[in-house]
Amino acid sequence: MPDLLIELFSEEIPARMQTRAAEDLKKLVTNGLVEAGLTYAGAAAFSTPRRLVLAVEGLLAKSPTLREERKGPRVDAPEQAIEGFLRGAGLTRDQLMERDAGKARVFFAVVEKPGRPAADIVAEVLDHTIRNFPWPKSMRWGAGSLRWVRPLQSILCILTDEAGAEIVPLSVDGITAGNTSEGHRFMGKGRFSVSSFEDYSAKLKQNRVILDPAERAGAIWAEATNQAFANGLEVVEDQGLLAEVAGLVEWPVVLMGKIDEAFLGLPAEVLQTSMKEHQKFFSVRNPKTGRIERFVTVANIETRDDGATILAGNQKVLSARLSDARFFWENDLRTVKSVGLEGMGAGLSSVTFHNKLGSQADRVARIEALAREIAPLVGAKPDLVAEAARVAKADLQSEMVGEFPELQGLMGRYYAAAAGLDASVAEACEMHYKPLGPTDSVPNDPVSVAVALADKIDTLTGFWAIDEKPTGSKDPYALRRAALGVIRLVLGNGVRMHLKELRISAEMRIPDEHKSGELVSETAGHDQDSLLSFIHDRLKVYLKDQGIRHDVIDACLSESSGAPSGATPGSDDLTLLVKRAEALAAFLKTDDGENLLQGFKRANNILSQAEEKDGVEYSFGADVKFAESDAERALFEALDTAEAAIIPAMTSEDFAAAMSAMAALRAPIDAFFNAVQVNTDNEIIRRNRLNLLHRIRTICLSVADLTRLDG
């Protein structure tokens, strides 16, 4: 079985495209080979700035011969139909067979497709892959028609077996495949021939190219951390930057430089962001002071002066960049000291947040008012929360955030501290944006929590009010993230609040002329807050990762018609809802829970069928005096005991106690069904027993809507 090696050699491929391109090459080629009948043992793809490589092991040398039997027309069919069948099968009349098929004899043809050599199939598949490669952006050059991300210069394509290497005959847009490649642009020794993947990989290293991007990244990180450790420092970890830099070089040479003393007073995050964004430098931190004092750059060439000239050039450019950052920083500080942080944010009145939701200043006013309402619910001082809300977005008007938008919030914290504001206000400037995703940190300071909740609830309410809800995979305003943020803030801090009330309060501050009326929709026969439903959907996704099933949440959300008034807690209190769902989930994992669910289902089915058949509702109260057996009387007693325990437990939010009381019904219900026939011939006894089943249903539904549970 031969091995296949493909290299597509070009000018520099952008680092951000390399990983995806390597995966696409592997997928397109291997899928094409398999579809043509060539299976293989394994495949691996690699990328460097100038090449995409695919190595396939254990490829079939030839596709298998295929025999296909085709059913044709009847023997007595018109001649024209028979001739058409012959043309399609590529056969002559004497090659057809006649067989009985039901009530008639029909023609059958056996079509044999001989196998094809691997080289022919590879050439066909690779030609199609190259001509239809899914680059995000591509270009055409010269007189050819081929589009590639950068000019394609050569194609290496060989099949290797025990007899040696065979060049796959292929030519694409004037580029003929061969068995040669070349190494590093400056340190390589020219083109070289290869006979296998192992030979190719070894010769690349001899010519100063590390093929595997993971190996390049590992080499960069190891050398950078070693150099930092030798100087008593540490490299600030940044996996994204590491992957990007590994895609910029074929032979990484790690160099460490110093940052001029004049810039060491800048916030560490400013230094780190400036060096990363502008020059792809790693930041090197002094663990004793927390300051960024040095940088690591990765060159693509070894020099006689061990990189001194490269470092000197980089440091010169870095000083110019950091001079700009220092200018922004000092200007912003002067603004804060002269007009305060609120003064810095005054220009937000002329910055549009959304044409239907007003300016950023309008939004800040809405957040402030809402945050005041939330403050008592999270244990924060309303005036402090209001102050934090007023200044939380001020840094959007700073020069530093104008240059580096990713520093929004963080710079607000620095400027608030410089303005002498309360530490919790400064923290809220940064933390009110959080959490930004399922793994991001959740604020826990009450002021930050209040402003963060107000920010996200205003966002959700505002875009819902103007009918800009997410559709399918589209979510341009990140409303799913905002909803998850509300969930994590509430649950992470144990906040007790009614989201409906806060949503109504937030909606009142949105201009009426832009409201679409989409916040509330008619669902299931009663008003259902569609925004709350959206949050519930995100809650189900969030809790699924914690082992709580979606149907358990549905059972706790349902306002069952059989539940006593007020027994089902408000579905807009997420902390209470989750507490209830956790108790139900734990209950269902027990034997009592599982068996009680089956008993409830049996009772509910019998009752529902009887009510449908008789056209009445059996809810007029069962009487123990009509009980005919000990099991029946025991169930009456058990229901009285459970009801007496469940109602106060639900009222006091002791859901574990309510579940325990419901679990005690398992044995009496099982015994009742084993001993009693509900639909007896005695109509009085039958009605009494159906009313008894109604009590079972009502009491269980007062804890959770068990009809919503799967199974």
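The values are calculated or read from the model by the stated rules, or taken from the named source; none is laboratory data. Keep in mind that what you see is a predicted model, and the values were worked out from it rather than measured. Note: ideal-geometry Cβ built from the backbone for every residue, glycine included; neighbour counts use all protein chains shown.
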Inset, instruction - Among the residues of the range 109-123, write down those that are within 30 Å of Gln95 (Cα to Cα) and assigned to a helix (DSSP H, G or I). - result: Ala118, Asp120, Ile121
Inset, instruction - Return the total of residues in the range 462-494 being of a type in the set (Val, Ile, Thr) and modelled with pLDDT of 95 or more. - result: 3
Inset, instruction - Could you list, in sequence order, all residues of the range 412-428 that are closer than 19 Å to Ala346 by Cα and either within 28 Å of the chain's Cα centre (by Cα) or surrounded by fewer than 20 Cβ atoms within 10 Å (Cβ to Cβ) (or both)? - result: Ala417, Ala418, Gly420, Ala428
Inset, instruction - May I ask you to list the residues in the range 251-286 that are among the basic types (Lys, Arg) and crowded, with 17+ Cβ neighbours inside 10 Å? - result: Lys276, Arg285
Legend entry - Any hit, the range 624-647, residues being of a type in the set (Gly, Ala, Ser), outside any loop (DSSP other than H, G, I, E, B) and free of Cβ contacts under 8 Å to residues at least 12 places away in the same chain: yes
Legend entry - Enumeration of residues in the range 89-131 that are out of contact with any Pro (no Cβ under 7 Å at 6 or more places or on another chain) and touching a residue at least 60 places away in the same chain (Cβ under 8 Å): Arg116, Ile121, Val122, Glu124, Val125, Leu126, His128, Thr129, Ile130
Inset, instruction - Taking Asp305 as meeting all but one of (1) free of Cβ contacts under 8 Å to residues at least 24 places away in the same chain; (2) in contact with a His (Cβ under 6 Å, 6 or more places away or on another chain); (3) of a type in the set (D, E, K, R), write down the number of the exception. - result: (2)
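Here's the yes/no breakdown for (1) touching a Phe, Trp or Tyr at 6+ places or on another chain (Cβ under 8 Å); (2) of a type in the set (Phe, Trp, Tyr):
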residue	(1), (2)
Arg116	no, no
Ile121	no, no
Thr129	no, no
Lys137	no, no
Trp148	yes, yes
Ala165	no, no
Pro169	no, no
Phe192	no, yes
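A quick yes/no check of all residues on (1) under 30 Å from Thr575 (Cβ atoms); (2) modelled with pLDDT of 90 or more; (3) out of contact with any strand residue (DSSP E or B) (no Cβ under 9 Å at 6 or more places or on another chain):
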site: Phe620; (1), (2), (3): no, no, yes
site: Phe626; (1), (2), (3): no, yes, yes
site: Ile646; (1), (2), (3): yes, yes, yes
site: Asp654; (1), (2), (3): yes, yes, yes
site: Met659; (1), (2), (3): yes, yes, yes
site: Leu665; (1), (2), (3): yes, yes, yes
site: Thr680; (1), (2), (3): no, yes, yes
Inset, instruction - Within the range 132-164, work out how many residues are farther than 22 Å from Thr19 by Cα and either touching a residue at least 12 places away in the same chain (Cβ under 8 Å) or surrounded by 14 or more Cβ atoms within 10 Å (Cβ to Cβ) (or both). - result: 7
Inset, instruction - Run down Ala243, Ala219, Ala202, Ala230 and say which single residue is of a type outside the set (Asp, Glu), surrounded by fewer than 21 Cβ atoms within 10 Å (Cβ to Cβ) and assigned by TED's automatic domain parsing to the domain that holds Ala165. - result: Ala202
Inset, instruction - Specify the residue that is farthest from Ala638 (Cα to Cα); the eligible residues are those in the range 681-711 that are small (Gly, Ala, Ser) and buried (at least 17 other Cβ atoms within 10 Å of the Cβ). - result: Ala704
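To keep it simple, each residue is scored yes or no on (1) more than 30 Å from Pro287 (Cα to Cα); (2) in contact (Cβ under 8 Å) with a residue 24 or more places away in the chain.
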| residue | (1), (2) |
| --- | --- |
| Gly188 | yes, no |
| Ser193 | yes, no |
| Glu198 | yes, no |
| Pro213 | no, yes |
| Ile220 | no, yes |
| Ala230 | no, no |
| Leu241 | no, yes |
| Val253 | no, yes |
| Ile259 | no, yes |
Inset, instruction - Hey, can you tell me all the residues within the range 466-495 that are without any contact (Cβ under 8 Å) to a residue 60 or more places away in the chain and more than 23 Å from the chain's Cα centre (by Cα)? - result: Asp467
Legend entry - Residue under evaluation Leu357, criteria (1) touching a helix residue (DSSP H, G or I) at 6+ places or on another chain (Cβ under 9 Å); (2) buried (at least 19 other Cβ atoms within 10 Å of the Cβ); (3) within 29 Å of Ile210 (Cβ to Cβ), criterion not met: (3)
Inset, instruction - Working only within the range 675-689, note down all residues that are in a helix (DSSP H, G or I) and touching a helix residue (DSSP H, G or I) at 6+ places or on another chain (Cβ under 7 Å). - result: Ala675, Ile684, Ile685, Asn688
Inset, instruction - Could you tell me whether the range 506-517 includes any residue that is at pLDDT below 85 and aliphatic (A, V, I, L, M)? - result: yes
Legend entry - Failed condition for Lys434, given (1) under 19 Å from Phe534 (Cα atoms); (2) charged (D, E, K, R); (3) surrounded by fewer than 22 Cβ atoms within 10 Å (Cβ to Cβ): (1)
Inset, instruction - Please determine, by comparing only the residues of the range 1-34 that are within 26 Å of Glu162 (Cα to Cα) and surrounded by fewer than 19 Cβ atoms within 10 Å (Cβ to Cβ), which one is nearest to the chain's Cα centre (by Cα). - result: Asn31
Inset, instruction - Considering only the range 124-213, give the strands (runs of 3 or more DSSP E) lying wholly within it that have at least 1 residues that are at pLDDT below 95 and small (Gly, Ala, Ser). - result: 164-167
